[in-house]
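Structure record follows, encoded as structure tokens.
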Amino acid sequence: MKYTKLLITYTDGQDQFVVPFTLRKNPVVPKWIERVETAKQQYTIDDPGRFYGFGSIEEQRQDSLDRINHCIAVINDWKPIVERTLESVDDQDTLNYLHHIFEIHHGMLDQQEWIDTPEDVRKALADLNICVHRCESVSRGAHPRHVVTWFGLPKTKQLVIEDFNYFEQTVTSGTVYLNYVEIGKTLADLTRDRDQYIGDNAFRPYNYYSADFNIKFWSTDRRQADQEYANIREYYAQHRDFFEQRGWHWPDKQLVAEHCPLADIDNLDHVKEIEQRRWVQSVIFE
């Protein structure tokens, strides 16, 4: 492989700090690197400050509510299509409803039709999805992580079945993971969310990939992973007809895939530096 290191520069607007990560040796990594290099030639990072799980839980709860209700207000000022606001990040039913609004009006992967839609409304619809997941993140423990995306890059590349051999069930602190880029939900998402609103075409197992990635700063153990796997299997069994009618059978690799590791932080002590500089200035490979 051409590269061995991922270097991310974080900043607080004054100081900069470069954090090195060692790239994993699996076949997904060079595919992802090619997407990042392509994205950087054409686009800037969408939101360099897209960090989760830092700061007090009270601040995160209020910030999440403010963000999502602002999106709703912008959308409804254009057309009154959202019938609810969010009063609590723990209201999963309303979060599922809002995610469905996003699916309907934003459009599925690379099928967006923005005819006569003002730019601020387009952004609010896209941000509605992000805000839903921010609220869910806070509600489920506010585990620290950050996400780097280039939404403008077309999502045209697909994983091959062998790539799923390198997905992992556990999460390791300081590890870089491939981001799920579909517009919809995986089997794991459906299991966690108990979503009653999702459309027939919005169940989307892992398939496409892009430059987008996330870095988690917490870990799960084997016991937690096994319990989550058992929950997913139970949900599948309860809705077997739904999945089999769509050609999916337990335990297809794409059905159970969740975390594809790409790189690992060289020194976990650097997380303290990242926390003080929650803005991604650059992403490079060497």
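The values are calculated or read from the model by the stated rules, or taken from the named source; none is laboratory data. Note that the structure is predicted; figures quoted are calculated from it, not measured. Virtual Cβ from ideal backbone geometry, glycine too; neighbours counted across all protein chains shown.
Any idea which residue in region 133-164 is nearest to Val89 (Cα to Cα), counting only those that are aliphatic (A, V, I, L, M) and assigned to a loop (DSSP other than H, G, I, E, B)? Going through the qualifying residues, I end up with Ala142. Considering region 228-286, the qualifying helices (runs of 4 or more DSSP H), each wholly inside and each with 2 or more residues that are over 18 Å from Phe51 (Cα atoms), run over 240-244, 253-256. For region 48-62, a residue qualifies if it is surrounded by fewer than 16 Cβ atoms within 10 Å (Cβ to Cβ) and assigned to a loop (DSSP other than H, G, I, E, B), and the qualifying residues are Gly49, Gly55, Ser56.
For the residues Asp264, Asp195, Asp252, Asp212, the requirement of being within 26 Å of Lys155 (Cα to Cα), assigned by TED's automatic domain parsing to the domain that holds Gln42, touching a His at 6+ places or on another chain (Cβ under 8 Å) and of a type in the set (Asp, Glu) singles out Asp195.
Once region 235-272 is narrowed to residues that are among the hydrophobic types (A, V, I, L, M, F, W, C), in contact with a helix residue (DSSP H, G or I) (Cβ under 9 Å, 6 or more places away or on another chain) and over 19 Å from Asp189 (Cβ atoms), the residue that is surrounded by the fewest Cβ atoms within 10 Å (Cβ to Cβ) is Ile265.
Checking each residue in region 3-47 for being of a type in the set (Gly, Ala, Ser) and surrounded by 13 or more Cβ atoms within 10 Å (Cβ to Cβ) picks out only Ala39. Would a scan of region 63-74 turn up a residue that is assigned to a helix (DSSP H, G or I), surrounded by fewer than 19 Cβ atoms within 10 Å (Cβ to Cβ) and within 16 Å of the chain's Cα centre (by Cα)? The answer is no, given that none of the residues of region 63-74 is assigned to a helix (DSSP H, G or I), surrounded by fewer than 19 Cβ atoms within 10 Å (Cβ to Cβ) and within 16 Å of the chain's Cα centre (by Cα). Are any of the residues in region 87-107 under 26 Å from Glu168 (Cα atoms), of a type in the set (D, E, K, R) and outside any strand (DSSP E or B)? The answer is no, given that none of the residues of region 87-107 is under 26 Å from Glu168 (Cα atoms), of a type in the set (D, E, K, R) and outside any strand (DSSP E or B).
Listed here are the residues, each with its yes/no results for (1) in contact with a Cys (Cβ under 7 Å, 6 or more places away or on another chain); (2) within 30 Å of Glu162 (Cβ to Cβ); (3) without any contact (Cβ under 8 Å) to a residue 24 or more places away in the chain; (4) in the same structural domain as Glu103 (by TED's automatic domain parsing).
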{"residue": "Thr4", "(1), (2), (3), (4)": "no, yes, no, no"}
{"residue": "Thr11", "(1), (2), (3), (4)": "no, no, no, no"}
{"residue": "Leu23", "(1), (2), (3), (4)": "no, yes, no, no"}
{"residue": "Arg35", "(1), (2), (3), (4)": "no, yes, no, no"}
{"residue": "Thr38", "(1), (2), (3), (4)": "no, yes, no, no"}
{"residue": "Tyr52", "(1), (2), (3), (4)": "no, no, no, no"}
{"residue": "Gln62", "(1), (2), (3), (4)": "no, no, yes, yes"}
{"residue": "Asn69", "(1), (2), (3), (4)": "no, no, yes, yes"}
{"residue": "Val82", "(1), (2), (3), (4)": "no, no, yes, yes"}
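Considering only residues that are surrounded by fewer than 21 Cβ atoms within 10 Å (Cβ to Cβ) and either in a helix (DSSP H, G or I) or not assigned by TED's automatic domain parsing to the domain that holds Ala230 (or both), look in region 165-188 and name the one that is nearest to the chain's Cα centre (by Cα). Across region 165-188, the extreme among qualifying residues is Tyr166. In the set (1) modelled with pLDDT under 90; (2) more than 21 Å from Trp32 (Cβ to Cβ), Leu187 fails one condition alone, (1).
Residues that are hydroxyl-bearing (Ser, Thr, Tyr) and either outside any loop (DSSP other than H, G, I, E, B) or touching a His at 6+ places or on another chain (Cβ under 8 Å) (or both) within region 1-30 comprise Thr9, Tyr10, Thr11, Thr22, listed in sequence order. Given the condition over 24 Å from Ala39 (Cα atoms), surrounded by 13 or more Cβ atoms within 10 Å (Cβ to Cβ) and over 19 Å from the mean Cα position of the chain (by Cα), answer yes or no: does some residue in region 106-117 qualify? Scanning region 106-117 turns up at least one residue that is over 24 Å from Ala39 (Cα atoms), surrounded by 13 or more Cβ atoms within 10 Å (Cβ to Cβ) and over 19 Å from the mean Cα position of the chain (by Cα). Looking at region 190-208, which of its residues are among the charged types (D, E, K, R) and either crowded, with 20+ Cβ neighbours inside 10 Å or assigned to a loop (DSSP other than H, G, I, E, B) (or both)? Within region 190-208, Arg194, Asp195, Asp200, Arg204 meet the criteria. Listed conditions (1) closer than 23 Å to Val138 by Cβ; (2) over 19 Å from the mean Cα position of the chain (by Cα); (3) at pLDDT below 95; (4) not β-branched (Val, Ile, Thr) are all met by Gln14, apart from (1).
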